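Visitor: Structure provided below as structure tokens; questions to follow.
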Amino acid sequence: MKKRVRVWVGVIAFALAFPAFAGNEANPDAIELAPLPMPVEFKSDMDKPVAFDASATVTVDCPDAEAVTWLKRHFTEWYGDQAPKVTSGSTGLLSTLNSQPSTSDESYSVSADASGVQIAANTLAGVRWAVYTMRQLAIAKRGTFRTEGRILPSFKVTDRPHLAFRAIHLCWFPEVRSQQMERAIRLAALLKFNYAIIEPWGMYASEKHPWWHWPNPTMTKAEVRRLVAIGRDLGITLIPQINAFGHASSARSCTMKHAMIDLQPAYEPLFEPGGWNWCLSNPETQRVLRELIVEMHDDFGRPPFFHLGCDEAQPPSCPECRKTPYAELVCKHITGLAEFVKQRGARAMIWHDMLLERGDPRWKGYVHHGTKTTAALADTLPKDVIICDWQYSYGNMKETRKDWPTMAYFKEKGFPVAGCPWMNYNAMKPMADYIAKIGGFGFIETTWHHLRGGDWVQMYKFASAAAWGTAIPPRTSMYDTAFGTAMRLVGHDMKVTDYLDTGHLNYQVPPGWWVDNN
Ligand SMILES: [Zn+2]
């Protein structure tokens with residue numbers, strides 16, 4: 001039977017996307033499964049399924065022997081006695097992969113057809129991404145009551161990340177269950193993000209400073225260390241964050257909550273009046289922040305980055321901070337912490353907005369919250385501090401931009417710069433492309449208080465695709481098979497048993513719905 005060739009190439013995504021899902025002659029409605037993010041090159045054919053069970057052998061062509069060990073362990077975890085065998089061997093795919101000019105340490109190829117399943121990658125990282133692609137395409141064998149092994153479509157993939165640093169920024173609010181944080185981290189890894197920045201929002205259970213959190217914090221040392229270990233195994237490095245300048249309340253400003261001084265007024269001297277900024281002239285502030293950095297950095301397994309926040313700060317009002325030009329005070333404060341972080345083998349990251357003056361016409365239409373004095377930090381801060389430039393296209397999240405002059409500005413100043421979108425989905429790929437074009441540092445998808453429902457789905461899908469340099473595949477139906485599958489795999493890995501830990505919302509119907517509302 002003659003069939004259409006199904007090809008999906010990321011570079012010309014939409015031009016070729018629809019033929020990829022156009023079915024076959026017997027059933028024109030049939031669709032092909034697609035992984036997230038869509039690989040750079042992807043061909044798939046479910047009319048020629050390939051065995052992916054105990055009878056199958058997956059050949060791994062990778063110079064790192066650890067890759068085979070890792071894969072065997074995870075196949076057993078995922079598939080039990082139905083796990084395919086894993087063997088190390090030369091496939092020919094690796095030389096093809098390495099002959100491509102844009103190949104990287106994380107590039108990979110997979111081939112699955114009647115002759116078997118083969119993976120090629122230069123590193124364990126590449127093998128992980130290969131397997132995550134494959135895992136999303138595997139389905140249960142047909143025609144039985146219970147799963148008796150799996151099948152894959154015949155498929156070929158060649159893939160490489162667009163940007164080397166691809167992070168998701170996750171907020172551990174009091175309202176966010178730790179299971180949700182684990183799901184978000186595991187799902188980010190499955191969608192091939194390699195870093196997750198964790199902002200505690202008053203939930204980190206510091207032993208040194210137990211006043212620095214809400215009562216009953218769930219981000220305990222044991223939980224952090226457990227999640228860090230899971231992340232390390234799955235290929236995603238967790239990065240701690242402390243808001244070391246503004247946002248010192250560890251609570252959303254619109255709520256007027258303050259994780260520290262609402263319940264413990266004794267710690268008021270550490271903060272500016274009102275509590276939004278740390279009091280930078282108080283030497284105790286540096287001591288406390290350094291001690292918190294040590295504790296958190298150790299709990300996170302001493303990762304190579306530490307995020308110091310520093311967004312949306314206010315001008316000072318206390319009598320001591322008023323004595324010195326604020327730019328000097330802020331610069332000394334951030335530089336001191338950045339140096340301290342560096343001594344621990346990590347690089348500091350900060351948000352960008354205080355480094356751009358509010359009235360500067362160059363930044364009209366872009367996020368910029370600084371004053372003339374704080375904008376001077378762009379000339380005085382150490383140039384190895386990574387500037388995380390968050391641009392959300394406020395006012396119209398549908399807006400598509402191609403250029404980000406603020407990012408170019410920080411790059412020209414000599415800083416590594418990361419592009420950080422939120423829910424401005426149309427801007428994500430152009431932003432990742434722009435960062436690649438100017439030789440920027442990376443891409444950080446922020447999620448804030450929207451890590452639920454359709455927003456969660458869209459943020460992860462669009463951002464992972466942008467960071468891998470591809471567009472998202474067109475939706476084939478109302479039901480999002482690819483994302484639902486990925487989310488379910490995470491649930492299986494966590495062995496979830498609670499209704500709340502399934503899907504992208506805790507509830508299908510608001511529980512209050514069933515309360516008398518006469
Ligand atoms: Zn002060």
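The values are calculated or read from the model by the stated rules, or taken from the named source; none is laboratory data. What you see is a predicted model; the values in this text were computed from it and never measured. All Cβ positions, even for glycine, are placed from backbone atoms using ideal geometry, and neighbour counts span all protein chains on display. Ligands, DNA and RNA are excluded from the accessible area calculation, which covers all protein heavy atoms including side chains. Shrake-Rupley method; radii C 1.70, N 1.55, O 1.52, S 1.80 Å.
Visitor: Take region 418-439 and flag every residue that is within 18 Å of Ser393 (Cβ to Cβ), touching a residue at least 60 places away in the same chain (Cβ under 8 Å) and not β-branched (Val, Ile, Thr).
Guide: Ala418, Cys420, Ala432, Asp433
Visitor: Give Ala427, Ala432 a once-over and let me know the one that is open to solvent by less than 10 Å² (accessible area, probe 1.4 Å), farther than 26 Å from Ser253 by Cα and within 16 Å of the chain's Cα centre (by Cα).
Guide: Sole residue among the options that is open to solvent by less than 10 Å² (accessible area, probe 1.4 Å), farther than 26 Å from Ser253 by Cα and within 16 Å of the chain's Cα centre (by Cα): Ala432.
Visitor: Still on this structure: Filter region 75-109 down to residues that are touching a strand residue (DSSP E or B) at 6+ places or on another chain (Cβ under 6 Å), open to solvent by less than 60 Å² (accessible area, probe 1.4 Å) and not aromatic (Phe, Trp, Tyr), then give me how many there are.
Guide: Number satisfying all stated conditions: 9.
Visitor: Please enumerate the residues belonging to region 390-421 that are in a loop (DSSP other than H, G, I, E, B), open to solvent by less than 30 Å² (accessible area, probe 1.4 Å) and within 18 Å of Met354 (Cβ to Cβ).
Guide: Gln391, Tyr392, Trp404, Phe415, Pro416
Visitor: Go through (1) within 28 Å of the chain's Cα centre (by Cα); (2) surrounded by fewer than 21 Cβ atoms within 10 Å (Cβ to Cβ) and name the single condition Ala120 misses.
Guide: Among (1) within 28 Å of the chain's Cα centre (by Cα); (2) surrounded by fewer than 21 Cβ atoms within 10 Å (Cβ to Cβ), Ala120 violates only (2).
Visitor: Among the listed residues Ala130, Ala164, which satisfies the condition of being open to solvent by 10 Å² or more (accessible area, probe 1.4 Å) and within 27 Å of Gly419 (Cα to Cα)?
Guide: Answer to the check: Ala164.
Visitor: If Ser250 satisfies all but one of (1) of a type in the set (Ser, Thr, Tyr); (2) in contact (Cβ under 8 Å) with a residue 24 or more places away in the chain; (3) open to solvent by 50 Å² or more (accessible area, probe 1.4 Å), what's the number of the condition it fails?
Guide: The failed condition is (3).
Visitor: Still on this structure, I have one more. Can you pull out the residues in region 171-195 that are surrounded by 21 or more Cβ atoms within 10 Å (Cβ to Cβ), within 20 Å of Arg488 (Cα to Cα) and among the hydrophobic types (A, V, I, L, M, F, W, C)?
Guide: Those that are surrounded by 21 or more Cβ atoms within 10 Å (Cβ to Cβ), within 20 Å of Arg488 (Cα to Cα) and among the hydrophobic types (A, V, I, L, M, F, W, C): Met181, Ala184, Ile185, Leu187, Ala188, Ala189, Leu190, Leu191, Phe193.
Visitor: Next question. Scan the helices (runs of 4 or more DSSP H) fully inside region 319-388 and keep the ones with 1 or more residues being open to solvent by less than 60 Å² (accessible area, probe 1.4 Å), modelled with pLDDT of 95 or more and within 16 Å of the ligand (Cβ to nearest atom).
Guide: In region 319-388, 326-343 are the helices (runs of 4 or more DSSP H) which contain 1 or more residues that are open to solvent by less than 60 Å² (accessible area, probe 1.4 Å), modelled with pLDDT of 95 or more and within 16 Å of the ligand (Cβ to nearest atom).
Visitor: Something else now. Filter region 271-294 for residues that are charged (D, E, K, R) and either within 22 Å of Ile386 (Cβ to Cβ) or within 16 Å of the ligand (Cβ to nearest atom) (or both); which is least open to solvent (accessible area, probe 1.4 Å)?
Guide: By that ranking, first place goes to Glu272.
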